[in-house]
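Everything on this sheet refers to the single structure shown next.
The values are calculated or read from the model by the stated rules, or taken from the named source; none is laboratory data. Not measured: the values here are computed from a predicted model. All Cβ positions, even for glycine, are placed from backbone atoms using ideal geometry, and neighbour counts span all protein chains on display. Note: accessible area is taken over every heavy atom of the protein model, side chains too, but ligands, DNA and RNA are not part of it. Shrake-Rupley method; radii C 1.70, N 1.55, O 1.52, S 1.80 Å.
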Amino acid sequence: GAVVSQHPSRVICKSGTSVKIECRSLDFQATTMFWYRQFPKKSLMLMATSNEGSKATYEQGVEKDKFLINHASLTLSTLTVTSAHPEDSSFYICSAPISGREPYEQYFGPGTRLTVT
Amino acid sequence: RKEVEQDPGPFNVPEGATVAFNCTYSNSASQSFFWYRQDCRKEPKLLMSVYSSGNEDGRFTAQLNRASQYISLLIRDSKLSDSATYLCVVKRHNNDMRFGAGTRLTVKP
């Protein structure tokens, strides 16, 4: 079956530093990927839609200059959390849909747990 | 108002019980509907899609009422392994998914 990987699975960084999270589709091409954030005991909140070859689309309230998204190829999207603050500590999950398959299922990466100290 | 609303629970049921979860959505243009399961500190995994005609997968039955914008999930003969958070998910026209806050289920021996 389709697999989406994320790297790293867990990262601890200091306030003010930047962290890059990679999302890869391993056996299919994804022109679109989605980035979500999940705080403890809360639901997944869509942050942005990553589009291969063009700019990402950010949800209202998500700072595009703080959460940089690059979808450089059909199998890789990256999310960079710049100048991280402790309130950015969260579980970040990416997903990728498989085009042409109905119902339009999305495959989720295993998530990246970010802790900012 | 949230786009997808669920009863957060928790639901604590004994093994073998039948439990039902409900979900409502506000965007009438929503195209597809799903139930996902999320275990603690893991990514969501698709449990089943939801159709207006109703669909069943073993002990799980899902139902969609488009007129009422209401989705349900019924779990029969609950197992300990069913303990998880169940997410109601609605797909928009632009293919992004909107998640409910999840309903937490604990099945006890």
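Data table
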| quantity | calculated |
| --- | --- |
| Among the residues listed as B:Ala67, B:Ala29, B:Ala17, the single one being open to solvent by less than 40 Å² (accessible area, probe 1.4 Å), part of a loop (DSSP other than H, G, I, E, B) and over 21 Å from A:Pro110 (Cα atoms) | B:Ala17 |
| Number of the exception - B:Leu73 against (1) outside any strand (DSSP E or B); (2) away from chain A (no Cβ under 14 Å) | (1) |
| Qualifying positions in segment B:13-57 - over 13 Å from the mean Cα position of the chain (by Cα) and closer than 14 Å to B:Tyr86 by Cβ | B:Val13, B:Asp39, B:Cys40, B:Lys42, B:Asp57 |
| Test: residue in segment A:62-75 that is under 26 Å from B:Gln38 (Cβ atoms), among the hydroxyl-bearing types (Ser, Thr, Tyr), touching a Ser or Thr at 6+ places or on another chain (Cβ under 9 Å) and assigned to a strand (DSSP E or B) | no |
| Pick from segment B:90-105, criterion among the polar types (S, T, N, Q) and open to solvent by 10 Å² or more (accessible area, probe 1.4 Å), ranking: farthest from the other protein chains (Cβ to nearest Cβ) | B:Asn94 |
| Restricting segment B:39-57 to residues that are closer than 26 Å to A:Gly109 by Cα and more than 11 Å from chain A (Cβ to nearest Cβ), the residue that is most open to solvent (accessible area, probe 1.4 Å) | B:Asp57 |
| Some residue of segment A:100-113 being assigned to a strand (DSSP E or B) and without any contact (Cβ under 8 Å) to a residue 40 or more places away in the chain | no |
| Index of the failed condition, B:Asn12 passing every other in (1) in contact with an Asp or Glu (Cβ under 7 Å, 6 or more places away or on another chain); (2) in contact (Cβ under 8 Å) with a residue 60 or more places away in the chain | (1) |
| Exclusive hit being in contact with a Pro (Cβ under 7 Å, 6 or more places away or on another chain) and facing chain A (nearest Cβ under 10 Å), set B:Leu87, B:Leu80 | B:Leu87 |
| Residue in segment A:84-93 that is more than 15 Å from the chain's Cα centre (by Cα), open to solvent by less than 70 Å² (accessible area, probe 1.4 Å) and modelled with pLDDT of 95 or more present | yes |
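Each row is one residue, and each column tells you yes or no for (1) part of a strand (DSSP E or B); (2) of a type outside the set (Val, Ile, Thr); (3) at pLDDT below 90.
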residue	(1), (2), (3)
A:Ala2	no, yes, yes
A:Gln6	yes, yes, no
A:Gly16	no, yes, no
A:Arg24	yes, yes, no
A:Gln29	no, yes, yes
A:Phe34	yes, yes, no
A:Lys42	no, yes, yes
